[in-house]
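Engineer: First the structure, then my questions, so here it is.
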Amino acid sequence: MNKALRPAVIAGNWKMNKTPSEAKKLVEELVPLVKDAGCTVVICPPFVDLSVALEATKGTNIKVGAQNCHYEKSGAFTGEVSASMLKEMGVEYVIIGHSERRTYFGETDVTVNKRTKAALAEGLKVILCVGETLEQREQGITAELVAMQTIIALNGVSAEEMKNVIIAYEPVWAIGSGKTATSAQANEVNAVIRATLAKLYGEAVADATTIQYGGSMNAANAAELLSQPDVDGGLIGGASLKPADFAAIVAAAK
Ligand code: PGA
C-alpha cells in the first residue's frame, strides 16, 4: 500500500457552471494559486468552455478535461461529443460515469464501459466514477455494488490501458450535499476498489492506479481525507468553482 507508487490527482468538476468568459476569469485566477502544486491538477469545465480553458492554461501545470464523451466516433447522436473531437482539441482527461449522468441522463454501467473504452482508444485519460446511493449504503451492499460497477466499467480494458485510468469513488449521498464521507468510509471503499483492481489486473496495476474520493470535499476536510492510505486525490465539484478553496485542496495533496 505505497502511495508514492501513484500520482496524486486533484480534479475540478465544474458541472454545468460558467460561461466561456467566466471560465477564462476563473482559470486566470487559479493559475497563480496552483503553480507550485505537488500533485496533478485537472479542471473539467463544460464542453463550450474547453477552448478558452485550453488557451488560458497553456504553459501552466493545469490540465484540462471534459465531463463526458460518446462511445461512437461520429454519427447521428444529437447533442453528444466524441472522444476524437476532445482529443483533437488538446483535451487530456474525461470524466466518465458521473452519478449525475447515471441519474439524469440514463447512463448505465454498460454505456459507462463503452464510453470508457472509446476514450481510452483515443488516448484520453479517464476519470471513472463509481459510488453507492444512500439506500444502497443502508442496505449494506456498498462494497459489492462498487466492485461490480468497477468490473463492468473496465470490461475489455487492458492492463496497459489502466495507466490512463483514474477511479473516483463518489458516494451519491455525499455529492453536493455537504455530507462528506468520513475519512474511514472513503478509505474503506477505495480499498475495496483497489482490491477489485488487484483481482482483475494484479497487485502492480492496483498499486499504480490513482483512486480519488469525491463528494463535498472542501478546503477544511481535504487534508484528512487525503491522508488516508487509499485516497490518492479528489474529484471536487462545488469547491472547484472557488479558486482559493480549490487551491487549498490542491495544497493538501502531496
Ligand atoms: P461536490 O461534487 O464536491 O459538489 O460534492 C463532487 C462531484 O460531483 O464530482
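The values are calculated or read from the model by the stated rules, or taken from the named source; none is laboratory data. All values reported here derive from a predicted model rather than from experimental measurement. Using ideal geometry, Cβ is built from the backbone for each residue, glycine included, and neighbour counts are taken over all protein chains shown. Ligands, DNA and RNA are excluded from the accessible area calculation, which covers all protein heavy atoms including side chains. Shrake-Rupley method; radii C 1.70, N 1.55, O 1.52, S 1.80 Å.
Engineer: Using amide H atoms built 1.01 Å from N in the peptide plane, name the residues 5+ places from Gly12, or on other chains, whose amide H lies under 5 Å from its own.
Structural biologist: Those lying under 5 Å, H to H, from Gly12 are Val42, Ile43, Cys44, Ile236.
Engineer: Could you list the trypsin sites (Lys or Arg not before Pro) in region 16-57 that lie in coil according to DSSP, counting only those with at most 14 other Cβ atoms within 10 Å of their Cβ?
Structural biologist: Working: sites: Lys18, Lys24, Lys25, Lys35; in loops: Lys18, Lys35.
Hits after loop and neighbour filter: Lys35.
Engineer: Pick out which of Glu144, Glu135, Glu170 has the largest mean-square fluctuation in a Gaussian network model of the chain, springs linking Cα atoms closer than 10 Å.
Structural biologist: Taking springs between Cα atoms under 10 Å, the residue moving most is Glu135.
Engineer: Straight-line reach from Lys35: which aspartates and glutamates have a Cα under 19 Å away, not including same-chain ones fewer than 8 places off?
Structural biologist: The qualifying aspartates and glutamates are Glu55, Glu92, Asp245.
Engineer: Now for a separate question. Please list the non-local residues whose amide H lies under 5 Å from the amide H of Lys125, H modeled 1.01 Å from N, same-chain partners needing a gap of 5 or more.
Structural biologist: Residues meeting the criterion, in which the H sits 1.01 Å from N, are Tyr93, Val94.
Engineer: Between Lys254 and Glu80, what length in nm is gained on full extension when 0.36 nm per residue of separation is reduced by their alpha carbon distance?
Structural biologist: 59.1 nm
Engineer: Please compute the contact order of region 9-243 in relative form: average sequence separation of alpha-carbon pairs under 8 Å and at least six residues apart, divided by the residue count, as a percent. Could you put the intermediate results ahead of the total?
Structural biologist: Values: 452 pairs, mean separation 44.4, N = 235.
Once divided by the residue count of region 9-243, the mean separation gives 19 percent.
Engineer: Mean residue ellipticity at 222 nm from the helices of the chain, using -39,500 (n - 2.57) per DSSP H segment of n ≥ 4 over the full residue count, to the nearest 500 deg cm²/dmol?
Structural biologist: Dividing the helical sum by the residues of the chain leaves -12000 deg cm²/dmol.
Engineer: Once you place label points 7 Å from the Cα toward the Cβ at Glu88 and Val110, how far apart are they in nm?
Structural biologist: 3.0
Engineer: Please turn the phi angles of region 180-195 into ³J(HN,Hα) values with the Karplus equation 6.51 cos²θ - 1.76 cosθ + 1.60 (θ = phi - 60°), one per residue in order, whole Hz, x for glycine and proline.
Structural biologist: 7, 5, 5, 4, 5, 5, 4, 5, 4, 6, 4, 5, 5, 5, 5, 5
Engineer: If you don't mind, there's one more thing I want to ask. Using the Karplus curve 6.51 cos²θ - 1.76 cosθ + 1.60 with θ = phi - 60°, work out ³J(HN,Hα) for each residue of region 238-254 in order, rounded to whole Hz, and write x for Gly and Pro.
Structural biologist: The phi angles translate into x, 5, 6, 8, 10, x, 5, 5, 4, 5, 5, 5, 4, 5, 7, 9, 10 Hz.
Engineer: Please figure out what share of the DSSP beta bridges in the chain is antiparallel and state it in percent, rounded to the nearest 5.
Structural biologist: 0
Engineer: Contour minus end-to-end for Leu134 and Met16, with contour as 0.36 nm per residue of separation and end-to-end as the Cα-Cα distance?
Structural biologist: Details: separation 118, 0.36 × 118 = 42.48 nm, distance 2.38 nm.
Between Leu134 and Met16, full extension yields an extra 40.1 nm.
Engineer: Mind checking region 133-223 for trypsin sites (Lys or Arg not before Pro) that DSSP puts in a loop (not H, G, I, E or B) and that have at most 12 other Cβ atoms within 10 Å?
Structural biologist: Here the trypsin sites (Lys or Arg not before Pro) that fit, given the DSSP loop and packing criteria, are Lys179.
Engineer: What part of the accessible area of region 9-243, given as a whole %, is carbon or sulfur when the probe is 1.4 angstrom?
Structural biologist: Using a 1.4 Å probe with all protein chains present, region 9-243 comes out at 55 percent carbon and sulfur.
Engineer: If r is the Cβ-Cβ distance from Ala143 to Glu55 and R0 is 41 Å, what FRET efficiency results, to the nearest 0.05?
Structural biologist: 0.45
Engineer: A further question follows. List every residue whose amide H lies under 5 Å from the amide H of His70, counting only residues 5 or more places away in sequence or on a different chain, with H placed 1.01 Å from N in the peptide plane.
Structural biologist: Amide H neighbours of His70, under 5 Å, 5+ apart: Val81, Ser82, Ala83.
Engineer: Enumerate the calculated ³J(HN,Hα) couplings along region 91-99 in order (Karplus 6.51 cos²θ - 1.76 cosθ + 1.60, θ = phi - 60°), each rounded to whole Hz, writing x wherever the residue is Gly or Pro.
Structural biologist: Karplus-based 3J(HN,Hα) across region 91-99 equals 6, 9, 10, 8, 7, 10, x, 4, 4 Hz.
Engineer: Would the chain count as rounded, prolate or oblate if I go by the C-alpha gyration tensor, calling it rounded below 1.5 in a/c and otherwise prolate when a/b exceeds b/c, oblate otherwise? Before the final figure, lay out each step's value.
Structural biologist: Details: a/c = 1.42, a/b = 1.11, b/c = 1.27.
Rounded.
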